[in-house]
Structure formats: structure tokens, C-alpha cells
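K.L.:
Take this structure first; my questions come after.
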Amino acid sequence: MKDWLQPQRAAGIATAVRRFETPPGKQAQVDWGHLGYLDTGGEQRQVWGFVITLSYSRRMWVEAALDQKLETLLRMHEAAWKWARPSSSNW
């Protein structure tokens, strides 16, 4: 029993997820999420959430959109970078 239990204990102590650290202004992570539907004049449209998380500070920018087109993605990136410009304290 002792021989079997020893590796089990070691596995329980191991770190499940390592935190990934980056210097300020170096990296951000982006994702889309489906928020549901919006009824606009009898037409049902999907609503999407855009989230960008700054890797260093873990601050988030969140915005809703009615599509996931490239134009929308770029506009939302621009808005997020204006909000978190490197000269501000957000980084």
C-alpha cells in the first residue's frame, strides 16, 4: 500500500497550471464569446462579446458586437489599444 500511495501523493502536489508571466506591453489575449440573441425589428441577430486581456496586468476590455467581421475585430482592437496605451497606467 505504501509503494502505491507514494506516487499518488506526488501527483497531488504537482502544480496543475503554471502562471505565464510577460513584461508590460508585450502580450494580450483575445477571444469572442456568444452572448445570446437580440430581436431587432422582428429579426433575430446574434450578439457577440469581444474580450481582450492584457497579460501583464490581467486588465480586461469587453465590448459587444453584432458580427465577427474583420472590420469589427480591428475596430475593437483599436478601441482596446486606445484604452490601454503604453503611456497609461493600465499596462
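K.L.:
Within segment 22-40, can you find the residues that are in contact (Cβ under 8 Å) with a residue 12 or more places away in the chain and either open to solvent by 90 Å² or more (accessible area, probe 1.4 Å) or part of a strand (DSSP E or B) (or both)?
P.N.:
So the first thing to find is which residues in segment 22-40 are in contact (Cβ under 8 Å) with a residue 12 or more places away in the chain, and the list is 22-35, 38.
Listed by number, the residues that qualify are LYS26, ALA28, GLN29, VAL30, ASP31, TRP32, GLY33, HIS34, LEU35, LEU38.
K.L.:
So how many residues does segment 41-85 have that are open to solvent by less than 50 Å² (accessible area, probe 1.4 Å), at pLDDT below 90 and among the hydrophobic types (A, V, I, L, M, F, W, C)?
P.N.:
So the count comes out to 3.
K.L.:
Any chance you could count how many residues in segment 39-63 are more than 16 Å from GLN27 (Cα to Cα) and either hydroxyl-bearing (Ser, Thr, Tyr) or more than 14 Å from the chain's Cα centre (by Cα) (or both)? Talk me through it step by step, then tell me what you get.
P.N.:
Taking segment 39-63 as the starting set, the residues that turn out to be more than 16 Å from GLN27 (Cα to Cα) are 39-50, 62-63.
Then keep just the ones that are either hydroxyl-bearing (Ser, Thr, Tyr) or more than 14 Å from the chain's Cα centre (by Cα) (or both); that gives 39-47.
Counting residues in segment 39-63 that are more than 16 Å from GLN27 (Cα to Cα) and either hydroxyl-bearing (Ser, Thr, Tyr) or more than 14 Å from the chain's Cα centre (by Cα) (or both) gives 9.
The values are calculated or read from the model by the stated rules, or taken from the named source; none is laboratory data. Every value quoted in this text rests on a predicted model; they were computed, and no experiment measured them. Neighbour counts are summed over all protein chains in view; Cβ atoms, including those assigned to glycine, are modelled from backbone coordinates with ideal geometry. For accessibility, only protein heavy atoms count, side chains too; no ligands or nucleic acids. Shrake-Rupley method; radii C 1.70, N 1.55, O 1.52, S 1.80 Å.
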